[in-house]
Structures are given as structure tokens and as C-alpha cells.
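Q: The structure follows.
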Amino acid sequence: MSVFLAGMPGAGKTSVAAYLSDKYGLTSVDTDDLVTQIAGKTIPDIFAHEGEAAFRQWELEAIHRSLEKGYDLIALGGGALSYPASVGLVRGHETVYLKATPRTSAKRVAGANGRPLLAKDPLEALQHLYAQRTKTFSELATAQVETDGRSIASVAEEVMSCQHELIAVDGPTPYAVRIGRAIAKQKLLLLLAAGNSKAFLIAPQDLKCHYLPLASALEAHGIFVKGFIAPNAEAQKTVECLSNCWDTLGLERFGRKDTVVGLGGGATTDLSGFVAATWMRGVDHIAISTSLLGMVDAAVGGKTGINTSSGKNMVGAFWTPRAVVCDLDYLQTLPPQDFVEGLGEVVKCGFIADPRILELLDEEHICPTSQNLPEIISRAIRVKADVVGKDLREGGLREILNYGHTFAHAIEKVERYRFRHGNAVSVGMMFAAHVAHKLEMIDTDLLERHRKVLAAAGLPTSYRGGDFATLLDAMRADKKVRNGKIRMVLLRDLAQPVTVPIEDIAVLEYAFRKVAK
């Protein structure tokens, strides 16, 4: 999906699009520029020799082509939404109305050429146009951003925060997450064409059916693609598989300007990200996440790695992707248990930061075609994006993303990683809730809300596998341990996570007995 920027002349649509393109690597187009390109003449020439009606037809064609190409941001001309056919194309898309008063607009366009409708008295013309157009802007807008007296950077960052389909991940190397249906092909085409790079496309065996049409589409547009079909799931995260990727990149002479693309779930983007991080000391990485767990967790945050005999993800690197694409249509091909597993990380985001996620989960049974799913995924990604944008390398704040993970990682280790990660996190959150309740940090209502939300999502709330002593040993190996003390992320209330050192092991044994029932 594309996001439209609408507003009066001088509202800053083109400047905001340019700022976001430069900072987050978004693809953008200005429909006025595209009209000039398509028509082969300037806008004043079109108005002078063909009239406004002809210009609106050219503009309609420009909007149509922009949507067809799948640009992330489309900056509309100030009068585009005065034409019913153009309104029809824009309706149904996320549209941000950049609101500027006529006086502000007049100051910004003063002395500018190429605006035939403002040629005589800009302020008077803008006051007239504002009265005509403001109702349409407001009706079509899915979000509205005031621009008077504000910098382009301030307006642009608010644009990124007020819609669901483009999510900014800030930090040393900012990037964006794109969310939508049937977007993988067009977004990848635009991203690769912009960089003029070759693509090393990694996908697991189970996704060969998705890999082939994607590779063919890229090749049809003149992009060189070298594919690598990896084993499924965690079996691809090996030194042998990594080495095979390096060998292939070397044989095909991939350079520093080329791109590694991961098409798959969390294991695939872990591998592809580490390949990108290590080839020639770092090349571009684009993650196309196909699983719910991958979308809301693995693909965002820059963690990459492989497994070794020492453990899971013991060798890796922090390497931020150039872009993340979450095509929700891929979720419809997921086995039901894989989809449900991903809800574990979604629920976690609701408890630690965004209670609205829990409300949306309460409203309907969530499946790949649920009406609430796009917003739920967007909100979960935004929670993680906000945290990792402030703390990429786990200096402190990022620890809150480990809610439920202390006990979850212990389960996974005891079960030799045959226990689904999202399911383990679900049990881990229940365990953490019992610990917090025992320590009188949360009340019984919040404890029971954990059980209710997790069970309604189809996630487990109990574990009867390992014994307490074995699980305790595993928890003592947790990365949050300091000076031999187990530290857990607990809640002191809904959306109020805090890291707590556990002074009394009996509290952990109590929680274990509760989840083992």
C-alpha cells in the first residue's frame, strides 16, 4: 500500500516526502513532477495551452502510475483532490492531510514559479482554494498533521507516527517497516531499482513456491538475482549454510553495492541478516518477513545470527536492515500453529507497552484474515521499533522486550529447542505474572488477565515438562543475570515493565508450581 500526502500548495508535501525518503530509505514520488515527465511539458505550459481540465487528466494518470509502481509515499498536487476521479483512486488508502492556513501557504510559495492558479494574488487565491478544498481533505484523511510554525523534520516524524503502513525505526541507521497486503513484489522492485543492485535472495525450502515468482518478477525488470534455497526453520542457521552463502556470493562477484534479501520467517531473516553483515564487512539487507513471529519480532531490531554447538544465536551481529517488508498475504499460507505462535510476541507487546493491542485481541478471534490484524501487527511492531530505536545494543531499555523470556528460554533449552518460541514466551509471561503477583507487584485481576488473553489466543499457559532444578539452572544462564542473580522483567502494572533481581529462589519455585499445574 502507498501513503498519500495531501494538502494545500505550500503545506510541505514534497519536502516531507523528501525528508522521509532520505532518512528512512522510503520510495517517494511527487505527482506534479510525474505529470511533467509524462506530458513532456511544464505545468504552466499545460495550463496555458490545454487548460486545467487537461492537467487534471494528466494528474489522474500520474496518480494511477504511482499506485501501480507502489511508491511508499505519494505527494499529491494541491488541487488533486478537487477532481472526483482522483478522489476515487485515493480513497481507501492511508492519506495524511498536512494542514496549513492560507497565510502560511502564501508565505511558503511566495516567489515560486510553476503555480498557475496562484499567479495573480497568492493569498487571495489560497483563501478561496482553502474554502473549496478543506472539507475534502478532512473527509479523505486518515490522519491530520498541523504544519504552521513547524519544521519539516517535526512534521515528517509526526507523519510517520500517525499511520499504520509505514513505521520508522530510528537509531544510528534509521530504516522503515512497510506493512500491507500483496506488497512484497512492488516494494522489493522499487528498493532494488533505487540502489541499482544485484540481489542475493535467500528462502527456505518450504517457501520455494513464493521465491520463484518473486525472483522471476525481479529478473523481468532487469535485476540480476541469485537464489539460495536453504533448509527449513532453525536448520538453516548453521556454519555450513552460512559458508555456502559466502561461497555463492564470491562466485557471483557480489560487491558492496549489492543486496542480500531474506524471504521467510525469523530463522531466514536471522541468516540473511548475518550474511549481509559479514559479506565484505557489511552490505544492504532487506527482510521480507512471511511469518507473524518474524514480522513482530525477528525482522525488526537488527539482531542477526546463527546457532552453534554452544547454543542458539551465539554467533551473530547487530546489523540493521535497509528495509523490512511485512506482506500480510503471506500469513494466509502459514500453518495455524505457526500463526498462533506469533501471537505470543504480540500479546507481550500489549502487556509491556500498548494495552490497546489486548483490547483488539479481545474484540475478535484473530486469524490471518481478521479485520483487526493489520492494526495489531502495526502496533506490535511500533512497540519494538520504539524500543530498539532508543537502545539497539541492549544497553538497558531493550531488556523490557524480554518479558516472559527468562522462563521461555529455560523451556527452550530444556526441550532442546523443539518447543515453539512463541508458545514458550506465552508460558514465560504466565510465569512472570505469578512471580510479580507473589511479590505483590500486580493484583489478581492483572494476573488473571494474562491467563484469559493468552488462552483466548490459543496459546499455552502451563508447562509440565522439565523439573524445577533443571529449569533453574537454565535460568541462571540467562543473559540478564548479574553477579549470579537472576533478573526478570516483571510488571508493576499494565504497560509498566521493570527489571527486578530475584532475591528469593522460593518465589521462582512458587511460580513454577503454578504453571506446572
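What follows is calculated from the coordinates using simple rules that are stated; it is not laboratory data. Here the structure is a predicted model, which is why all the values come from computation and not from measurement. No Cβ is skipped: glycine too gets one built from the backbone with ideal geometry, and neighbour counts run over all protein chains shown.
Q: Over the Cα atoms of the stretch 168-334, how large are the radius of gyration and the largest Cα-Cα distance (Dmax), in Å?
A: For the stretch 168-334, the Cα radius of gyration and maximum Cα-Cα distance read 14.2, 43 Å.
Q: Just to compare against my own numbers: the Cα pair-distance distribution for the stretch 104-230, 5 Å bins, whole % per bin, please.
A: Going out from 0 Å in 5 Å bins, the stretch 104-230 shows 2, 8, 12, 12, 14, 11, 11, 11, 8, 6, 4, 2, 0 percent.
Q: Normalised by the empirical 2.2 N^0.38 Å for globular proteins, what value does the Cα Rg of the stretch 1-119 take?
A: The reported ratio for this selection is 1.01.
Q: Can I ask one more? How big is the charge dipole of the chain about its Cα centre, in debye rounded to the nearest 20, if each Lys and Arg gets +1 on its Cβ and each Asp and Glu gets -1 on its Cβ?
A: The calculation lands at about 840 debye.
Q: Which Cα, out of Ala298, Cys209, Val324, lies furthest along the positive dipole direction of the stretch 168-334 (beta carbon charges, K/R +1, D/E -1)?
A: Positive-most Cα among the choices belongs to Val324.
Q: Cα convex hull of the stretch 391-516: mean projected area in nm², to one decimal?
A: Numbers: hull surface 29.9 nm².
Quarter of the Cα hull surface area: 7.5 nm².
Q: Please give the per residue volume of the convex hull enclosing the alpha carbon atoms of the chain, rounded to a whole number of Å³.
A: 154 Å³
Q: Show the residues, 5+ positions off or on another chain, whose built amide H is closer than 5 Å to the amide H of Leu201.
A: Long-range HN contacts for Leu201: Lys226, Gly227, Phe228, Val261.
Q: Once the Cα atoms of helix 421-438 and of the chain are each reduced to a long axis, what angle between those two axes, in degrees from 0 to 90 to the nearest 10, is obtained?
A: Between helix and principal axis, roughly 70 degrees.
Q: What Kirkwood hydrodynamic radius do you get for the stretch 229-287 when you take the inverse of the mean 1/r over all pairs of distinct Cα atoms, in Å?
A: Kirkwood hydrodynamic radius for the stretch 229-287: 11.3 Å.
Q: With axes computed from alpha carbons, what is the tilt in degrees of helix 405-414 against the longest principal axis of the chain, rounded to the nearest 10 within 0 to 90?
A: Tilt relative to the chain: about 60 degrees.
Q: A follow-up question, please. Please state the charge dipole magnitude for the stretch 1-130, taken about the Cα centre, from unit charges on C-beta atoms (+1 on K and R, -1 on D and E), reported in debye and rounded to the nearest 20.
A: 380 debye
Q: Here's a follow-up. Just to be sure I understand the model, the point goes 7 Å from the Cα along the line to the Cβ. What's the resulting Ile229 to Asp443 distance in nm?
A: Result for the modelled spin labels: 5.8 nm.
Q: Also, I was wondering about something else. From the Cα trace of the stretch 166-223, what convex hull volume per residue do you get, rounded to a whole Å³? Could you put the intermediate results ahead of the total?
A: Values: hull volume 6.6 nm³, N = 58.
Value for the stretch 166-223: 114 Å³ per residue.
Q: Could I ask something else about it? Listed highest first by mean packing, meaning other Cβ atoms within 10 Å per residue, what order do 93-102, 185-194 come in?
A: Result, highest mean Cβ count within 10 Å first: 93-102, 185-194.
Q: Additional query: Strictly greater than 24 Å: what percent of every Cα pair in the stretch 329-426 meets that?
A: Here the tail beyond 24 Å accounts for 26 percent of pairs.
Q: Once phi is turned into θ = phi - 60°, what whole-Hz ³J(HN,Hα) does the Karplus curve with 6.51, -1.76 and 1.60 give for every residue of the stretch 6-19, x standing for Gly and Pro?
A: Values, residue by residue: 10, x, 5, x, x, 6, x, 4, 5, 5, 5, 4, 5, 4 Hz.
Q: Using the Karplus curve 6.51 cos²θ - 1.76 cosθ + 1.60 with θ = phi - 60°, work out ³J(HN,Hα) for each residue of the stretch 485-491 in order, rounded to whole Hz, and write x for Gly and Pro.
A: Taking θ as phi minus 60°, the curve returns 9, 6, 10, 10, 7, 10, 9 Hz for the stretch 485-491.
Q: Continuing with the same structure: For every helix of n ≥ 4 consecutive DSSP H residues, a contribution of -39,500 (n - 2.57) applies; sum these over the chain, divide by its total residues, and give [θ] at 222 nm rounded to the nearest 500 deg cm²/dmol.
A: Mean residue ellipticity, 222 nm, calculated: -15000 deg cm²/dmol.
Q: In whole Hz, what ³J(HN,Hα) sequence does the stretch 443-455 give by Karplus (6.51, -1.76, 1.60; θ = phi - 60°), x for Gly and Pro?
A: 8, 5, 4, 5, 4, 5, 5, 4, 4, 5, 5, 5, 5
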